[in-house]
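Everything on this sheet refers to the single structure shown next.
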Amino acid sequence: MHNGTTITQFIIEEQRHIDNATGDFTSLLNDVVTACKVISNAVNHGALIDVLGSAESENIQGETQKKLDIISNDIFLKSNEWSGHVAAMASEEMEDVYQIPSQYPRGKYLLVFDPLDGSSNIDVNVSVGTIFSILRCPEGIENPTAEDFLQPGSKQVCAGYALYGPSSMMVLTTGNGVNGFTLDQNIGEFILTHGAMSIPEDTQEFAVNASNMRFWEAPLKRYIEECLAGSEGPRGRDFNMRWIASMVAEVHRILTRGGVFMYPVDSKMKAKGLEGKLRLLYEANPMSMIIEQAGGMSSTGRERIMDIEPSDLHQRVPVILGSRNEVQRAIDYHLRDDAESAA
Ligand code: P6P
């Protein structure tokens, strides 16, 4: 018998602090946990069960889908469509909103997710993850449309991720701090191992895809160049760089030891009419809620990500998140640059 707190027990104990809780949310979260266990199992088996490689299809983003992208998306849909807790779902892998099949009751929550983030890492056996966000369905809406999902990140009732790494973990927040759970493969349960996760305000570690540097805006270039100048430069101390190309893994490292993660908008994206690489509803918003709940900051460089009023289901935004004092410095550089340009 294990002696740790299971994620199910933790969620139910959290529910007790919520007035007139009906158990719907708790049950929905448990279905999300089940989906992540099934995805973890598929990811861990990799080449043994022929789930690697390309699906020979593209998603709405024009990105080649991996077989596991589609498998993971289907796992999420099948685990959550029947329960009567969800009114509709949306995902990186589906162009439109997924309506709950007519044979199942509808619920009061909207579930939006990136079923397998960082999937370009799958074939080279590097950590990947699942990101999810839970919103309330607007009152009286029977058949939610994309419009009903367009809520600012501040309206999320829950945000979390599963990280399929050396161990499989789940990290989640319901607005009352951030807690991490490790999958005990022997009993198939996520056990509380990282209570009350908190991000150090300062860091000497940044994560950015530096190969895009020549396309960045001036303030981002300034921030990174100063980090690279290290102890001989204006920062007066050396920095370390990491880039895993899997946002879930980067965010988890930052939650564990601090750091700053950046995926800025650049001139290549702007030439295509895009405002960033990462998607607001199912990457930036859930990760921002987690980061803020752990004492960090999450910004586009010019505004708090969780204040953005979404305009599209697959809207992209620039992301700068992590240790508060470093994110604030990057914001200051952006605002100063804008003021100089406006002068
Ligand atoms: P690049 C994965 O595709 C993702 O959405 C994030 O998880 C990750 O941080 C980023 O894109 C990686 O982007 O341009 O380095 O492949």
**Report entry** Count of the stretch 281-319 residues which are without any contact (Cβ under 8 Å) to a residue 24 or more places away in the chain and either surrounded by 24 or more Cβ atoms within 10 Å (Cβ to Cβ) or more than 18 Å from residue 197 (Cα to Cα) (or both)
**Finding:** 2
Query raised in the report: Just wondering, is there one or more residues in the stretch 124-147 that are away from the ligand (no atom under 12 Å from the Cβ), outside any strand (DSSP E or B) and within 22 Å of residue 185 (Cβ to Cβ)?
Result: yes
Query raised in the report: Out of all the residues in the stretch 173-188, which are in contact with a helix residue (DSSP H, G or I) (Cβ under 9 Å, 6 or more places away or on another chain), assigned to a strand (DSSP E or B) and more than 11 Å from residue 10 (Cβ to Cβ)?
Result: 173, 183
Report task. Please state which one of 276, 258, 233 is open to solvent by 10 Å² or more (accessible area, probe 1.4 Å), of a type in the set (Gly, Ala, Ser) and either closer than 25 Å to residue 122 by Cα or assigned by TED's automatic domain parsing to the domain that holds residue 304 (or both). Result -> 233
Query raised in the report: How many of the residues making up the stretch 166-212 are within 16 Å of the ligand (Cβ to nearest atom), β-branched (Val, Ile, Thr) and exposed (fewer than 13 other Cβ atoms within 10 Å of the Cβ)?
Result: 0
Query - Count of the stretch 224-280 residues which are under 24 Å from residue 335 (Cβ atoms), more than 16 Å from the ligand (Cβ to nearest atom) and more than 24 Å from the chain's Cα centre (by Cα) - result: 11
Report task. Quick one: in the stretch 1-13, of everything that is open to solvent by less than 40 Å² (accessible area, probe 1.4 Å) and assigned to a helix (DSSP H, G or I), which residue is nearest to residue 111 (Cα to Cα)? Result -> 11
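Out of the stretch 61-113, which residues are of a type in the set (S, T, N, Q) and either free of Cβ contacts under 8 Å to residues at least 12 places away in the same chain or under 19 Å from residue 133 (Cβ atoms) (or both)? Give the steps one after another, and end with the answer.
Of all residues in the stretch 61-113, those of a type in the set (S, T, N, Q) come to 61, 64-65, 72-73, 79-80, 83, 91, 99, 102-103.
Listed by number, the residues that qualify are 61, 64, 72, 73, 79, 80, 83, 91, 99, 102, 103.
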Query raised in the report: List pairs: first in the stretch 208-221 and within 22 Å of residue 254 (Cα to Cα), second within 15 Å of the ligand (Cβ to nearest atom) and modelled with pLDDT of 95 or more, Cβ under 6 Å, 6+ apart or cross-chain?
Result: 208/262; 209/243; 212/266; 220/264
Report summary line: Scanning the stretch 99-123 residue by residue, the ones that are among the charged types (D, E, K, R) and either within 17 Å of residue 284 (Cα to Cα) or buried (at least 22 other Cβ atoms within 10 Å of the Cβ) (or both) total 2
Query raised in the report: Of the residues in the stretch 55-70, how many are exposed (fewer than 12 other Cβ atoms within 10 Å of the Cβ) and over 23 Å from the mean Cα position of the chain (by Cα)?
Result: 1
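The values are calculated or read from the model by the stated rules, or taken from the named source; none is laboratory data. The shown structure was predicted, so the numbers you read here are calculated from the model rather than taken from an experiment. Cβ coordinates were reconstructed from backbone atoms using ideal geometry, including for glycine residues, and neighbour counts include every protein chain displayed. Accessible surface is based on the protein model in full, side chains and every heavy atom, while ligands, DNA and RNA are left aside. Shrake-Rupley method; radii C 1.70, N 1.55, O 1.52, S 1.80 Å.
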